[in-house]
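Asker: Dropping the structure in here first, questions after.
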Amino acid sequence: MKNSVLIGLIVSLLFVAGCQDDPIPKPKAKMRLEYPQGKLAELETENFSFKYNELAIAELNDDKAFTISYPEMKGAIFLSYMKIDGNLEKLIHDSKRLSYEHAAKADNIVEQPYVNPNKRVYGALFEVQGNAASQSQFFVTDSTSHFLTGSVYFYTKPNYDSILPAAAYLQNDIRGIIETLEWKH
C-alpha cells in the first residue's frame, strides 16, 4: 500500500509537471503601416483638372510636369502632360514600353485598362509587382488632344515587401486621379 501511494504520488507529480506549456519564442513583430485617408484637393491646369489626396504636396516642375509628393512615405507620383499632334500611337507605345522596362526586376506586371467615354478618358494602369524602381505607372488620353502619364517612385531602394502598403496607397490615389480627371478643350 505504501508503494502504491508513493507510485501514485510520483505519477501525479509527473503528470502535473508534464502538462505545462513549453515556452515558445514569439515571432518578430512587423510594423503595420496604416496611412490616413485624406480629403480631396483639386489640381487645375489649362489642359486638365483632377482631384488628389490633400495629404500630398502638389508641385509644378515646369509647364508640362508635376510632382505629387508624399513626404511621410518618402514617395511621389510624377506626372507629365503632352499635347497629341498626330503621335498618339507613339505616345501609347512609349508609355507601355516604359512600364514594361521594369519587367527585368518585376515579378509580374498587371495591366488594367480604363475607359470612361462620358469624360473621354481612356488609358491603362500598370501595377508592377516585385523589386522594380516604379510600383505603378499609367497613361490616360482623350485620344485627340491630351495625353497624361504618371509613375510612382519611392526615395529608397526598392524592397517590394517593405513598401507594399505605401505602394498600394499611392496606387489607390492614382486611381482617384484617373477617375476624377477632366480634360479642358
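One line per residue, one yes/no per condition, for (1) crowded, with 16+ Cβ neighbours inside 10 Å; (2) touching a residue at least 12 places away in the same chain (Cβ under 8 Å); (3) in contact with a Cys (Cβ under 6 Å, 6 or more places away or on another chain):
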{"position": "LYS51", "(1), (2), (3)": "yes, yes, no"}
{"position": "ILE57", "(1), (2), (3)": "no, yes, no"}
{"position": "SER69", "(1), (2), (3)": "yes, yes, no"}
{"position": "MET73", "(1), (2), (3)": "yes, yes, no"}
{"position": "PHE78", "(1), (2), (3)": "yes, yes, no"}
{"position": "ASN87", "(1), (2), (3)": "no, no, no"}
{"position": "SER95", "(1), (2), (3)": "yes, yes, no"}
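Asker: Let me ask another. Within segment 123-131, is there a residue that is surrounded by 15 or more Cβ atoms within 10 Å (Cβ to Cβ), in a helix (DSSP H, G or I) and of a type in the set (A, V, I, L, M, F, W, C)?
Answerer: no
Asker: Among the residues of segment 49-80, which ones are within 18 Å of SER136 (Cβ to Cβ) and among the hydroxyl-bearing types (Ser, Thr, Tyr)?
Answerer: Answer for segment 49-80, where residues must be within 18 Å of SER136 (Cβ to Cβ) and among the hydroxyl-bearing types (Ser, Thr, Tyr): TYR52, THR67, SER69, TYR70, SER80.
Asker: Need pairs with beta-carbon distance below 8 Å; first residue touching a residue at least 24 places away in the same chain (Cβ under 8 Å) and within segment 151-163, second charged (D, E, K, R) and not in a loop (DSSP other than H, G, I, E, B); sequence gap 6+ or separate chains.
Answerer: Taking only residues 6 or more apart or on different chains, the pairs are TYR160/ASP107.
Asker: May I ask you to say which residue of ASN131, ASN116 is in contact (Cβ under 8 Å) with a residue 12 or more places away in the chain, touching a Phe, Trp or Tyr at 6+ places or on another chain (Cβ under 9 Å) and more than 19 Å from TYR100 (Cβ to Cβ)?
Answerer: Details: ASN131 fails: more than 19 Å from TYR100 (Cβ to Cβ).
Testing whether each residue is in contact (Cβ under 8 Å) with a residue 12 or more places away in the chain, touching a Phe, Trp or Tyr at 6+ places or on another chain (Cβ under 9 Å) and more than 19 Å from TYR100 (Cβ to Cβ) leaves just ASN116.
Asker: I would also like to ask the following. Could you say which residue among SER49, SER80, SER95 is assigned to a helix (DSSP H, G or I), among the polar types (S, T, N, Q) and more than 17 Å from the chain's Cα centre (by Cα)?
Answerer: On the way: SER49 fails: assigned to a helix (DSSP H, G or I); SER80 fails: assigned to a helix (DSSP H, G or I).
SER95 is the lone residue from the list that is assigned to a helix (DSSP H, G or I), among the polar types (S, T, N, Q) and more than 17 Å from the chain's Cα centre (by Cα).
Asker: Restricting to segment 137-168, what's the tally of residues that are crowded, with 19+ Cβ neighbours inside 10 Å, of a type in the set (Ser, Thr, Tyr) and out of contact with any Gly (no Cβ under 8 Å at 6 or more places or on another chain)?
Answerer: Residues that pass the stated criteria total 2.
Asker: State all residues of segment 98-119 that are crowded, with 17+ Cβ neighbours inside 10 Å and either assigned to a helix (DSSP H, G or I) or at positive phi (or both); if no residue qualifies, say none.
Answerer: SER99, HIS102, listed by residue number.
Read the figures in this text as sums done on the coordinates, not as results from a lab. Computed from a predicted structure; not experimentally measured. Backbone-built Cβ (ideal geometry, glycine too); neighbour counts: all protein chains shown.
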